[in-house]
Amino acid sequence: MIVGAGNVLSVFIVLIVIFFDAGVSIGAPGPKFKDGGNKHNLSFSNTGVNYKATSASDPRANQICIFCHTPHNAKPQTVLWNRNDTTQTFGHYSSDTLAIHTDTTARTSSDYKTEPNGSSRLCMSCHDGVTALGAVLNGSAIEVNSSIYTAMAGAKVFDRTRITNSHHPVSFVYNAAVRDRLNTLEGAGTYKLPANAKVRLDREKRMQCITCHDPHQTQFDDPSTPFWVLGGTDATDAHDSVCTDCHTFVGNP
């Protein structure tokens, strides 16, 4: 039987509908910030998350942005911030294999800070495992998980041990001078400046948490790529596409 072009197109469309109706999702972004299931949405109405506001009588509980942002009397750091700074001391990644820590020229040109700063410091105001998630700057604390003292726990908490030993370094300048020095130390072409606009440095050209993570929506909805700035054909591809925007690995990193 000869199948006409129109029939082939109809079959193709039917197969697409069946494929997506079955719940198959390849490389799909996660829920947007205002949608249910987004873990940075701490509002009372959110669903499918570990932490959220629980007091229906508090009118702020159904607001989405308030847990991090405020339009008035914000903390002067940046982005209309509505949280106090973390009180924890983290240090910085201090491995003897990290050139921006061990090499004087690289350390000076990268201005590698002894503590996370900028947006990375803001992230720590929730991810330090100590500061209450509902502890906003303006007004009294908002009840989260039935307590105003609820703090984050588990694998997403960062303390001094984790920051200094098992986490990508943050809060250092990554510009052409730093790239060139690292390539001198570790081999030509080992490092490059990010080419993808979504793999972004901050206004001071520092590598921060937001270089790899988008706090509002992950572009690849998989536990191994939390709030990831790039998608991909699978989780490994999505993960590696961010890494290889700055690193050129010639072997297993």
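The values are calculated or read from the model by the stated rules, or taken from the named source; none is laboratory data. Predicted, not measured: the structure shown is a model, and the values here were computed from it. Using ideal geometry, Cβ is built from the backbone for each residue, glycine included, and neighbour counts are taken over all protein chains shown.
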Which one of these does residue 78 not meet: (1) at pLDDT 85 or above; (2) assigned to a loop (DSSP other than H, G, I, E, B)? (1)
Of all residues in the stretch 184-204, count the ones that are part of a loop (DSSP other than H, G, I, E, B) and in contact with a helix residue (DSSP H, G or I) (Cβ under 9 Å, 6 or more places away or on another chain). 13
When every residue in the stretch 163-176 that is more than 12 Å from residue 100 (Cα to Cα) and surrounded by 13 or more Cβ atoms within 10 Å (Cβ to Cβ) is compared, the one modelled with the highest pLDDT is 175
Within the stretch 228-241, is there a residue that is among the hydroxyl-bearing types (Ser, Thr, Tyr) and more than 29 Å from residue 129 (Cβ to Cβ)? yes
Filtering the stretch 181-199 for residues that are surrounded by 14 or more Cβ atoms within 10 Å (Cβ to Cβ) and free of Cβ contacts under 8 Å to residues at least 12 places away in the same chain leaves a count of 2
Can you pull out every residue in the stretch 130-183 that is farther than 28 Å from residue 105 by Cα and not in a loop (DSSP other than H, G, I, E, B)? 132, 136, 144, 147, 151
Scanning the stretch 201-224 for residues that are farther than 20 Å from residue 117 by Cα, at pLDDT 95 or above and among the polar types (S, T, N, Q) gives 217, 218, 219
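Here's the yes/no breakdown for (1) farther than 13 Å from residue 168 by Cβ; (2) out of contact with any strand residue (DSSP E or B) (no Cβ under 9 Å at 6 or more places or on another chain):
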{"residue": "202", "(1), (2)": "yes, yes"}
{"residue": "212", "(1), (2)": "no, no"}
{"residue": "217", "(1), (2)": "yes, yes"}
{"residue": "229", "(1), (2)": "yes, no"}
{"residue": "232", "(1), (2)": "yes, yes"}
In the stretch 229-248, is there at least one residue being touching a helix residue (DSSP H, G or I) at 6+ places or on another chain (Cβ under 7 Å), part of a loop (DSSP other than H, G, I, E, B), surrounded by fewer than 18 Cβ atoms within 10 Å (Cβ to Cβ) and free of Cβ contacts under 8 Å to residues at least 24 places away in the same chain? no
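Conditions tested, residue by residue: (1) touching a strand residue (DSSP E or B) at 6+ places or on another chain (Cβ under 9 Å); (2) in a loop (DSSP other than H, G, I, E, B); (3) surrounded by fewer than 15 Cβ atoms within 10 Å (Cβ to Cβ).
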site: 42; (1), (2), (3): yes, yes, no
site: 46; (1), (2), (3): yes, yes, no
site: 50; (1), (2), (3): no, yes, yes
site: 57; (1), (2), (3): no, yes, yes
site: 73; (1), (2), (3): no, yes, yes
site: 86; (1), (2), (3): no, yes, no
site: 96; (1), (2), (3): no, yes, yes
site: 113; (1), (2), (3): yes, yes, no
